[in-house]
Structure formats: C-alpha cells, structure tokens
Amino acid sequence: MNEIGKLKRAKLYMDKLANGIDPNSGNRVHVDDIVRDSRVIGCFEYISRVLEWEIEAFEQSDETSKKRPKIKTFITEKQFSELKLNSGECRVSDIAKEINRVIEPNGSKKIQASWINDWLESIGMICKNADRCRVATDVGEDIGITSKLKTRDNGEEYYLNLYSVQAQSFIFDNLRAIIDYHYANK
C-alpha cells in the first residue's frame with residue numbers, strides 16, 4: 001500500500017473510532033468502552049482532521065516534485081502546553097512567532113499574524129477605521145487589545161495594536177478556530 005493509501009486508511013479508522021464503531025468488525029463499540037470517552041473521541045476527531053490535511057497536501061502536490069509541500073498548520077495538545085505568554089503587552093507578530101516556535105517540529109505551515117487579525121476582525125474584536133487601519137473595538141479593548149496612534153519618521157500616522165496577557169491568552173485559547181477560519185476563507 002502506498003503512502004496516500006495508508007493515510008486514507010488511518011483516517012477511515014479514526015473516523016470510525018470517533019463514531020464509536022470498531023473499524024475491524026464494523027460493530028458498535030460498547031458504551032462503557034474507553035473509545036466512547038468524550039476526550040478520546042476528541043483526539044480521534046483531531047487526528048482525523050490532521051490526516052485529512054496531509055491527504056489534501058499529497059493530492060495537491062505535483063507528482064514530479066521531489067519536495068513535499070508544507071502541511072496545513074496544526075498544533076498538538078502538548079504544544080499548546082508549551083505556549084508562553086509575554087509578560088506585558090506585545091504585537092500580534094510576537095504572538096504568531098510564539099505559536100510558530102512551538103509548532104515548528106510539526107513541519108506544518110507557519111501561522112501568519114494576518115490570520116490572527118483576520119479572525120479577530122471576523123468576531124468583532126478589531127475593525128478597520130476610516131484610514132483602513134485595524135483598531136481595537138470596545139469588545140477588543142475589554143479583552144485587552146489596545147490601539148495606539150504612532151508616527152513614522154516621515155510623519156505618517158498609523159495604529160499599533162498591542163495585546164495584553166489576557167488578550168494573548170484569548171488568542172491561544174482560540175487558536176484552532178483561528179486556523180480553521182484561515183483555511184475556510186483562503
């Protein structure tokens with residue numbers, strides 16, 4: 001069996017297990033079986049999603065190319081636990097750098113600061129002002145996003161958004177939603 005076949009079979013098994021079905025017999029697993037635990041089901045669903053991304057990457061890659069494409073961005077539970085909050089306010093690019101630091105071993109695509117901003121805008125935490133600059137909304141300010149007016153050396157004004165520890169934590173807690181939003185709107 002080739003690599004893509006192995007990935008598809010593994011995904012099929014994860015999907016069946018997540019739905020409480022024994023992948024070998026096709027029978028429903030007893031309600032008290034460990035594979036029916038909600039945390040275990042969540043793991044099966046997550047693994048299935050990662051396998052789906054890997055399958056898509058294989059299917060979209062050029063067959064003549066020797067270099068495998070980067071797989072879609074993902075983060076494991078262990079990596080979540082390794083994320084570190086900046087002690088004070090920071091920029092969204094600093095948050096993206098921290099996420100990329102912990103997901104680097106995955107070999108997956110790096111997260112971009114714009115992904116975070118796009119998602120924050122989609123949920124009303126930031127918005128574009130008349131100058132098309134992204135600034136914090138009242139709801140964004142409530143979680144610790146502040147927009148500061150700055151001036152460049154050439155006299156041009158711009159807004160710098162800074163993220164408190166609370167805002168950073170909010171972003172980390174919603175990281176999967178940010179990644180899913182990016183790929184859904186790509």
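Within the stretch 100-116, can you find the residues that are within 18 Å of LEU85 (Cα to Cα) and assigned to a helix (DSSP H, G or I)? Working first, answer last.
Narrowing the stretch 100-116 to residues within 18 Å of LEU85 (Cα to Cα): 100-104, 111-113, 116.
The answer is ASN100, ARG101, VAL102, ILE103, GLU104, ALA113, ILE116.
List the pairs whose first member sits in the stretch 75-96 and is at negative phi and touching a residue at least 60 places away in the same chain (Cβ under 8 Å), whose second member is among the aliphatic types (A, V, I, L, M) and not in a helix (DSSP H, G or I), and whose Cβ atoms are under 8 Å apart, counting only residues at least 6 apart or on separate chains?
Within 8 Å, the pairs are GLU89/LEU162; CYS90/LEU162; ARG91/LEU160; ARG91/LEU162.
Just to verify a result, which residue in the stretch 1-56, among those that are acidic (Asp, Glu) and not in a helix (DSSP H, G or I), is farthest from SER108 (Cα to Cα)?
In the first step, residues of the stretch 1-56 are kept if they are acidic (Asp, Glu); the result is 3, 15, 22, 32-33, 37, 45, 52, 54, 56.
Pick out the ones that are also not in a helix (DSSP H, G or I) and you get 22, 32-33, 37.
On the way: ASP22: 30, ASP32: 36, ASP33: 33, ASP37: 29 Å.
Per the criteria, the residue is ASP32.
What are the residue pairs meeting all of these: first residue in the stretch 17-32, first residue within 21 Å of ARG49 (Cα to Cα), second residue polar (S, T, N, Q) and surrounded by 12 or more Cβ atoms within 10 Å (Cβ to Cβ), Cβ atoms under 7 Å, and 6 or more apart or on different chains?
ALA18/SER48
For the condition outside the structural domain of ARG39 (by TED's automatic domain parsing), over 26 Å from SER48 (Cβ atoms) and surrounded by 14 or more Cβ atoms within 10 Å (Cβ to Cβ), what is the one hit in ALA113, ALA130? Full working, then the answer.
Working: ALA130 fails: surrounded by 14 or more Cβ atoms within 10 Å (Cβ to Cβ).
None of the others qualify; the one that does is ALA113.
Which one of these is surrounded by fewer than 16 Cβ atoms within 10 Å (Cβ to Cβ) and either polar (S, T, N, Q) or outside the structural domain of PHE80 (by TED's automatic domain parsing) (or both): ILE55, ILE4, ILE47? If you could, list the steps in order and put the result at the bottom.
Numbers: ILE55 fails: surrounded by fewer than 16 Cβ atoms within 10 Å (Cβ to Cβ); ILE47 fails: surrounded by fewer than 16 Cβ atoms within 10 Å (Cβ to Cβ).
On inspection, the qualifying residue turns out to be ILE4.
Return the residues of the stretch 53-92 that are among the charged types (D, E, K, R) and modelled with pLDDT of 75 or more; say none if nothing qualifies.
Initially, the stretch 53-92 is screened for residues among the charged types (D, E, K, R), giving 54, 56, 59, 62-63, 66-68, 70, 72, 77-78, 82, 84, 89, 91.
Across the stretch 53-92, the qualifying residues are GLU54, GLU56, GLU59, LYS72, GLU77, LYS78, GLU82, LYS84, GLU89, ARG91.
Can you pull out the residues in the stretch 150-176 that are among the acidic types (Asp, Glu) and either within 14 Å of ARG134 (Cβ to Cβ) or part of a strand (DSSP E or B) (or both)? Explain how you work it out, then say what you get.
The first filter runs over the stretch 150-176 and keeps only residues among the acidic types (Asp, Glu), leaving 153, 156-157, 173.
Of everything in the stretch 150-176, just one residue is among the acidic types (Asp, Glu) and either within 14 Å of ARG134 (Cβ to Cβ) or part of a strand (DSSP E or B) (or both), namely GLU157.
Being without any contact (Cβ under 8 Å) to a residue 40 or more places away in the chain and hydroxyl-bearing (Ser, Thr, Tyr) is the filter; apply it to the stretch 152-181 and report the residue that is nearest to ILE95 (Cα to Cα).
Here is the first cut: in the stretch 152-181, the residues without any contact (Cβ under 8 Å) to a residue 40 or more places away in the chain are 152-159, 166-167, 170, 173, 180.
Restricting the remaining residues to those that are hydroxyl-bearing (Ser, Thr, Tyr) gives 158-159.
Numbers: TYR158: 20, TYR159: 18 Å.
Among them, the one singled out is TYR159.
Would you confirm whether any residue within the stretch 88-99 is crowded, with 18+ Cβ neighbours inside 10 Å, of a type outside the set (A, V, I, L, M, F, W, C), assigned to a helix (DSSP H, G or I) and within 18 Å of the chain's Cα centre (by Cα)?
yes
The values are calculated or read from the model by the stated rules, or taken from the named source; none is laboratory data. Since the model is a prediction, treat every value here as computed from it, not as a measurement. Cβ atoms come from the backbone with ideal geometry, glycine included; neighbour counts cover every protein chain shown.
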